[in-house]
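Let me begin by presenting the structure, written as structure tokens, before commenting on it.
The values are calculated or read from the model by the stated rules, or taken from the named source; none is laboratory data. These numbers come from a predicted model, not from an experiment. Reconstructed Cβ throughout: ideal geometry from the backbone, glycine too, with neighbour counts over all protein chains shown. Heads up: the accessible areas ignore ligands, DNA and RNA and are worked out on the full protein's heavy atoms, side chains in. Shrake-Rupley method; radii C 1.70, N 1.55, O 1.52, S 1.80 Å.
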Amino acid sequence: MAQVSTYESGVAALPLGRRSPRGKLRWYLVACPEGREEATCQKVRRIVSAELLEDAFVLRKERQRKFHGEWVTDVVDMFPGFFVATTKDAPGLSRALTKLSFPVRMAGAVGRGYQPVSEDAQRLLEQTMDAEHVVRLSWGEVISDALHVQGGPLMGRESRVARFVRRKSFALVRVGEGDGATSMLSMPLAIVARR
């Protein structure tokens, strides 16, 4: 049974899939101090060898909110306290991280191995994020209580949207269903009209 990783506040981050054999490139969550995700990720990328670490990045999303009566869009971390590391050797990467002089550790430990991000969640995020690892704002309208996304990365993925909050411009999107654990990701979605 797949587990769902959680960070300090108890809010689910990404669903974790089954352990994967060494040699298969997968995403893994790496925990670090909240607010230091980008700096920690950059340090890890510089220090850890390319043989162990293919890539490391902080997942971000656009957020739309009202500020002084006007709508503004900014970019925030999708999973505070975590960044993503892609590797073919999770135990090797974990050993390398424990030798570093700053607080960073692999999330999803199970016995002597680590659970990667579920394949469904990884696939969805790869399809919806841009080259800067940011999930951009989608927009759409509600017609007869049915959501129709007209633009952005959630277009054509309406069936995954479990719920949306119009006044806060976000949607809860289902991930991990085929991997044994379902989780909800908060992704940006602006509802521009309701008919």
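Scanning region 136-163 for residues that are in contact with a Gly (Cβ under 9 Å, 6 or more places away or on another chain), part of a strand (DSSP E or B) and under 18 Å from residue 71 (Cα atoms) returns 138, 139, 140.
Which one is most open to solvent (accessible area, probe 1.4 Å) among residues in region 133-169 that are of a type in the set (Asp, Glu) and over 21 Å from the mean Cα position of the chain (by Cα)? Only one residue fits best here, namely 145.
Of everything in region 170-193 that is in contact with an Asp or Glu (Cβ under 7 Å, 6 or more places away or on another chain), at pLDDT below 85 and open to solvent by 60 Å² or more (accessible area, probe 1.4 Å), the residue that is farthest from residue 73 (Cα to Cα) is 178.
If residue 109 meets every condition in (1) touching a residue at least 40 places away in the same chain (Cβ under 8 Å); (2) closer than 11 Å to residue 28 by Cα; (3) not aromatic (Phe, Trp, Tyr) apart from one, which number is that one? Failing condition for residue 109: (1). When every residue of region 86-106 is checked against the conditions, at least one turns out to be modelled with pLDDT of 90 or more, in contact with an Asp or Glu (Cβ under 9 Å, 6 or more places away or on another chain) and under 24 Å from residue 136 (Cα atoms). When 130, 120 are checked against the criterion of being under 22 Å from residue 25 (Cα atoms), buried (at least 17 other Cβ atoms within 10 Å of the Cβ) and charged (D, E, K, R), a single residue qualifies: 120. Based on what the data block shows, is residue 96 of a type in the set (Gly, Ala, Ser) and not in a strand (DSSP E or B)? In short, yes.
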